[in-house]
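Input: a single structure, listed below in structure tokens.
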Amino acid sequence: MNSKFISNLFLIILLNLIVKPFYVFGVDLSVQNRLGSEIYGTYFSLYSLALLFNVILDMGINNYNTKNIAQNPQVLQKYLGKIFTIRILLFLLYSLIVLSTGGLLGYNQEQFHILLLLILNQFLASGIQFLRSNFGGLHLFKLDGLLSILDRLILIVLASVLLWSGLFDYYFDITYFIYAQTISYVLAIMIGISILFYKARNIRVQLDRKITYTILKRSFPYALLIIIMMIYTRVDSVMIERISGAEEAGFYAQSFRILDALYMIGYLFVGILYPMVSRMLKEKGNYMDLVDQSFRLLIPGSLVLAVMTFFYSDEILGFAYNHVGPNSGPTFFYLMLSFVGISLAFVFGTLLTAKGSLRLLNYIALGGLVLNIVLNSVLIPTKGAEGAALATVCTEGLVAVLQILAVHQLFQANKLYRSYFLVILYVISIGLISYFTSKLEMSWVAIIFLNIALSIVIYFAFGLIRIKDLKKIFINNGE
């Protein structure tokens with residue numbers, strides 16, 4: 001792979017770091033400030049419910065498809081048209097389950113209207129993810145990266161008209177924002193389909209019962225894993241709204257949307273790491289070196305975020321929102337701390353998934369689900385959003401630790417111990433620096449930028465990553 005490819009790939013990653021945070025902190029944040037925490041809290045709860053069953057739209061097909069195409073690129077034409085048909089059938093099943101659940105939860109007519117729109121949007125969003133799984137499997141990471149931000153770019157343009165053009169100053173409704181999402185998804189998926197059909201000519205969209213059964217059977221372990229993980233990451237929002245009210249759910253959404261943005265950026269990295277590890281396992285490449293470098297790249301950054309929010313969570317939320325809850329600061333810190341566990345799962349869970357250790361991963365995820373439901377049931381009635389965030393920290397921490405232990409049990413992972421030691425020293429150093437800089441008579445914004453600059457210097461000084469290591473992550477094919 002040439003230097004032009006590398007520079008384009010880094011450009012796409014940079015665009016994601018700009019576009020997705022801008023959407024979260026510019027558009028999504030402005031919508032909540034415009035509507036208020038109670039109205040947005042209702043929307044966020046309904047969105048979480050729609051997302052909770054999102055896996056039915058996929059049934060693990062995306063992960064199976066990425067791995068299958070990465071190892072056997074020639075199967076793209078054979079399966080693509082047939083999978084499109086399968087997804088239509090899954091959409092009908094998904095809609096029935098979500099609407100039935102909404103009825104059991106006692107949603108009113110207005111809430112059902114919003115839920116219907118969100119169901120359609122989830123179908124379109126899952127379609128984009130499926131298109132990306134094909135690009136990732138073919139190692140067309142540039143197209144994968146472009147498609148990952150395309151819908152958000154379109155939505156930013158549409159939302160800018162809604163929020164800041166002055167045309168909707170008199171009246172603004174949450175459904176306007178949802179319609180803008182629908183248009184964005186439709187345009188992005190049309191472009192993605194056009195490109196994919198160009199790459200894989202002579203595709204016939206048809207239902208083949210034998211192939212449908214084969215695909216669903218092989219992808220089911222992936223689907224089960226995603227179902228369990230989706231429940232313990234999204235059920236808290238629904239439980240908060242039902243137990244503590246819409247306003248409390250809105251306060252939780254303030255912090256969770258930042259975690260969600262970080263998750264999406266991390267998932268872009270996984271979209272590159274997973275097909276590479278899959279191919280390297282098949283070709284017996286040096287995949288553990290890639291895992292080690294991935295750990296050094298992701299984990300220090302997540303730890304820095306956790307340290308920064310420990311000292312300045314109230315200031316950050318107060319700057320971002322017109323109104324925050326009394327316990328929003330601790331909620332924000334706990335969710336940022338949980339991103340450390342999520343990042344560890346990105347690294348170690350990706351290796352286990354590529355290895356095919358789905359049964360083990362499902363047992364681990366099931367343990368996390370049980371812990372999360374129990375903790376949410378105990379903590380939300382007394383602590384509201386803060387209790388849900390604390391439950392998330394415990395859940396993601398348990399899952400991460402069990403996955404790390406599993407990797408050391410199944411692989412020769414001794415070389416990772418040095419990285420563990422360096423990262424522990426790194427976070428201790430950053431913590432001490434942040435403590436002393438917090439005593440300075442300076443603006444908290446200036447102190448945060450100072451801490452970030454020092455953390456970057458220490459990051460390279462500790463030798464946690466080098467330019468040649470970055471190249472291994474993005475261009476090593478196991479050769």
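Values in this text are rule-based calculations from the coordinates and carry no lab data. Since the model is a prediction, treat every value here as computed from it, not as a measurement. In this analysis, Cβ positions are derived from the backbone assuming ideal geometry, glycine residues included, and neighbour counts consider all displayed protein chains.
Summary of values
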quantity	calculated
Summed residue charge, Cβ within 12 Å of PHE339's Cβ, Lys/Arg positive, Asp/Glu negative	-2
Ranked by how many other beta carbons lie within 10 Å on average, peptides 228-240, 246-258, 422-434 from highest	246-258, 228-240, 422-434
Whether the range 275-388 is rounded, prolate or oblate, judged on the alpha carbon gyration tensor where a/c under 1.5 counts as rounded	oblate
Rounded Å value of the spacing that divides the Cα centres of the range 390-448 and the range 309-333	21
Charge sum, other residues only, whose C-beta stays under 15 Å from TYR185's C-beta, Lys/Arg counted +1 and Asp/Glu -1	+2
HN-Hα J in Hz across the range 404-419 - Karplus 6.51, -1.76, 1.60, θ = phi - 60°, x for Gly and Pro	4, 4, 5, 5, 5, 6, 9, 10, 7, 10, 4, 5, 6, 4, 4, 5
Cβ-based net charge around TYR252, under 15 Å, with every Lys or Arg adding one and every Asp or Glu removing one	-4
